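Here's the structure we're looking at; comments come further down.
The values are calculated or read from the model by the stated rules, or taken from the named source; none is laboratory data. As the structure is a computational prediction, the values presented were derived from the model and not from experiment. All Cβ positions, even for glycine, are placed from backbone atoms using ideal geometry, and neighbour counts span all protein chains on display.
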Amino acid sequence: MIVNMSSDATEEQIQHVIDRIKECGYQPHLIRGAERAVIGAVGKSDHHRNQLEALRAAPGVEEIIPIAHPFKLVSRQMRPERTMVEVRGVRIGGGDVVVMAGPCSVESREQLLQTARGVKAAGAHMLRGGAYKPRTSPYDFQGLGVEALQILKEAREETGLPVVTEVMSTEEIETVSEYADMLQVGARNMQNFPLLRRLATTPRPILLKRSPSATIKEWLLAAEYLVAGGNPNVVLCERGIKTFETEMRNTLDLAGVALAKELSHLPVVVDPSHATGRRSLVPAAARAAVAIGADGLLIEVHPCPERALSDGPQSLDLGGFAELMRGLAEPLLRFSTPNGRS
């Protein structure tokens, strides 16, 4: 349930409601808006639900509203204002389209630094690159691990671009957090609940990719694990879902992006590289994502895609990425988007 406090509620009245929510067996979550405080009561203690509803009579309470969705804290019912996540000075969800670009895998120091310099010059806001790679085949390149993290750190120090990279297990969280500014949960790990619970306790922002078989509700419930565990800095990433289509790697669910933004206050970015699997389609998919209201893009870029150790067919070269960046203004000029960009 959501307890809306009146605009003139005192701190004592707010604290009283928080204490009563705890007594009823629920977990209180206080959100201070521009005009009033909102307190979410989250939990499974249905036995005391009537006592919770009785808070309507408490001083300072304006109304109590049931939360309609199974995801509570990430719901726009709980927080009508959009969340903005800051990553080392870069604001995701603040109105501008944030572009994260870089190779699927960090393959060498030369490869990554060349890419970082190129995407920085083209206008990227963040640097992506895989240090640990979940691969379908055990014989495929699995990433350079700590060596890749050290290279990513060097690239950040030279270019100033914040780094986002994937963390695959609870054992890697501490090490990856030493080097990365944002931790990515890959599509395969979206419902790795021990990993989500542990990431909920970290101070790093989280980029949560949607599983190719996940519904919007399942995706938002995965985000709920992170927020309920104490980490409010979560960014959702749509990267394509599995359908009957075979000509593309996945199917980009643009309607899902709009629905996620309608249901949740969290920022939503789009990965058109994985969503299509074909570099020729990445620019058009990126423009479509921006037009429908995505808060950012995750683009795979490699200085020589034909030599890439992973995902070469969907990676743009540096020239292609620069052209994409020049073309991103087009949908903004042609469309009025749901979050007010025009």
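Of the residues that sit in segment 135-164 and are surrounded by 12 or more Cβ atoms within 10 Å (Cβ to Cβ), of a type outside the set (Gly, Ala, Ser) and over 19 Å from MET100 (Cα atoms), which one is nearest to the chain's Cα centre (by Cα)?
The extreme case among them is ARG135.
Hey, can you tell me all the residues within segment 169-189 that are among the hydrophobic types (A, V, I, L, M, F, W, C) and within 16 Å of the chain's Cα centre (by Cα)? Steps first, answer last, please.
To start, the set of residues in segment 169-189 that are among the hydrophobic types (A, V, I, L, M, F, W, C) comprises 173, 176, 180, 182-183, 185, 187.
Passing the criteria: ALA180, MET182, LEU183, VAL185, ALA187.
Give the residue, chosen from ARG204, ARG198, that is in contact (Cβ under 8 Å) with a residue 12 or more places away in the chain, in contact with a helix residue (DSSP H, G or I) (Cβ under 6 Å, 6 or more places away or on another chain) and either part of a helix (DSSP H, G or I) or outside the structural domain of ILE241 (by TED's automatic domain parsing) (or both). Can you show your working first?
Working: ARG204 fails: either part of a helix (DSSP H, G or I) or outside the structural domain of ILE241 (by TED's automatic domain parsing) (or both).
Residue meeting the stated conditions: ARG198.
Which condition from (1) farther than 27 Å from THR83 by Cα; (2) surrounded by fewer than 11 Cβ atoms within 10 Å (Cβ to Cβ) is the one that GLU35 breaks?
Tallying (1) farther than 27 Å from THR83 by Cα; (2) surrounded by fewer than 11 Cβ atoms within 10 Å (Cβ to Cβ), GLU35 fails exactly one: (1).
State all residues of segment 73-103 that are without any contact (Cβ under 8 Å) to a residue 12 or more places away in the chain and part of a strand (DSSP E or B); if no residue qualifies, say none.
ARG91
Cβ-Cβ under 7 Å, sequence separation 6+ or interchain: first residue in segment 168-182 and more than 13 Å from GLY145 (Cβ to Cβ), partner among the charged types (D, E, K, R) and outside any loop (DSSP other than H, G, I, E, B). Which pairs?
THR170/ARG198; ILE173/ARG198
Quick one: count up the residues across segment 257-272 that are without any contact (Cβ under 8 Å) to a residue 60 or more places away in the chain and either hydroxyl-bearing (Ser, Thr, Tyr) or surrounded by 22 or more Cβ atoms within 10 Å (Cβ to Cβ) (or both). Walk me through how you get there before you give the answer.
Taking segment 257-272 as the starting set, the residues that turn out to be without any contact (Cβ under 8 Å) to a residue 60 or more places away in the chain are 257, 259-260, 268, 270, 272.
Next, from what is left, pick out any that are either hydroxyl-bearing (Ser, Thr, Tyr) or surrounded by 22 or more Cβ atoms within 10 Å (Cβ to Cβ) (or both): 257, 260, 268, 270, 272.
Residues that pass the stated criteria total 5.
Looking at (1) part of a loop (DSSP other than H, G, I, E, B); (2) in the same structural domain as SER6 (by TED's automatic domain parsing), which is the only condition GLN51 fails?
Unmet for GLN51, out of (1) part of a loop (DSSP other than H, G, I, E, B); (2) in the same structural domain as SER6 (by TED's automatic domain parsing): (1).
Hey, could you check segment 309-342 for residues that are over 27 Å from GLU262 (Cβ atoms) and among the acidic types (Asp, Glu) and say which is modelled with the lowest pLDDT?
Selected residue: ASP311.
Filter segment 222-274 for residues that are in contact with an Asp or Glu (Cβ under 7 Å, 6 or more places away or on another chain) and more than 24 Å from GLU300 (Cα to Cα) and give the result.
HIS265
Quick one: count up the residues across segment 273-288 that are part of a helix (DSSP H, G or I) and touching a residue at least 24 places away in the same chain (Cβ under 8 Å).
Residues of segment 273-288 that are part of a helix (DSSP H, G or I), as a first pass: 273-276, 282-288.
Those left that are additionally touching a residue at least 24 places away in the same chain (Cβ under 8 Å): 273-276, 282-283, 285-288.
Number of matching residues: 10.
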